[in-house]
1. Out of everything in region 12-29 that is in a helix (DSSP H, G or I) and surrounded by fewer than 17 Cβ atoms within 10 Å (Cβ to Cβ), what residue ends up being farthest from the chain's Cα centre (by Cα)?
2. Within region 50-64, count every residue that is outside any loop (DSSP other than H, G, I, E, B), closer than 13 Å to residue 88 by Cβ and under 12 Å from the mean Cα position of the chain (by Cα).
3. Does residue 58 count as surrounded by fewer than 15 Cβ atoms within 10 Å (Cβ to Cβ) and either more than 20 Å from residue 109 (Cα to Cα) or in contact (Cβ under 8 Å) with a residue 12 or more places away in the chain (or both)?
4. Identify, by number, the condition in (1) out of contact with any helix residue (DSSP H, G or I) (no Cβ under 8 Å at 6 or more places or on another chain); (2) at pLDDT 95 or above; (3) more than 28 Å from residue 111 (Cβ to Cβ) that residue 40 doesn't meet.
5. Only residues that are assigned to a loop (DSSP other than H, G, I, E, B) and surrounded by fewer than 15 Cβ atoms within 10 Å (Cβ to Cβ): list them for region 75-103, please.
């Protein structure tokens, strides 16, 4: 089953969820704010796509962090610690397609995945 990870009130997550619903795709939604960031999955995402694409440096959460915290994110371990402490800094949505992990919403790319 497809699992979509994100935050309920994120516009991009809303678009992604609406797109999946319109395509008739069953999926499970995991809300970072309500359910936390799953440790094993975060490690798997970092292994699959790298830590850089997962850290949303354009978002409000990143901009509100102090300079020392931002400059301290230099590797997978420091990025993982930041994402656990501030789940909303994770670029959304993160989607586990069962065979691959993607970050962000791209309707065209997603259409190729859905039968």
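1. Top of the filtered list is 22.
2. Result for region 50-64: 2.
3. Working: surrounded by fewer than 15 Cβ atoms within 10 Å (Cβ to Cβ): yes; either more than 20 Å from residue 109 (Cα to Cα) or in contact (Cβ under 8 Å) with a residue 12 or more places away in the chain (or both): yes.
Taking the combined requirement at face value, the residue satisfies it.
4. Only one criterion in (1) out of contact with any helix residue (DSSP H, G or I) (no Cβ under 8 Å at 6 or more places or on another chain); (2) at pLDDT 95 or above; (3) more than 28 Å from residue 111 (Cβ to Cβ) is unmet by residue 40, namely (2).
5. Once the filter is applied, which keeps residues that are assigned to a loop (DSSP other than H, G, I, E, B) and surrounded by fewer than 15 Cβ atoms within 10 Å (Cβ to Cβ), region 75-103 yields 75, 98, 99, 100.
Residues checked against (1) in contact with a strand residue (DSSP E or B) (Cβ under 8 Å, 6 or more places away or on another chain); (2) more than 20 Å from residue 8 (Cβ to Cβ); (3) without any contact (Cβ under 8 Å) to a residue 12 or more places away in the chain:
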position: 27; (1), (2), (3): yes, no, no
position: 39; (1), (2), (3): no, yes, no
position: 43; (1), (2), (3): no, yes, no
position: 46; (1), (2), (3): no, yes, no
position: 53; (1), (2), (3): yes, yes, no
position: 63; (1), (2), (3): no, yes, yes
position: 74; (1), (2), (3): no, yes, yes
position: 77; (1), (2), (3): no, yes, yes
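The values are calculated or read from the model by the stated rules, or taken from the named source; none is laboratory data. Everything numeric here is computed off the predicted structure, so don't read it as measured data. Backbone-built Cβ (ideal geometry, glycine too); neighbour counts: all protein chains shown.
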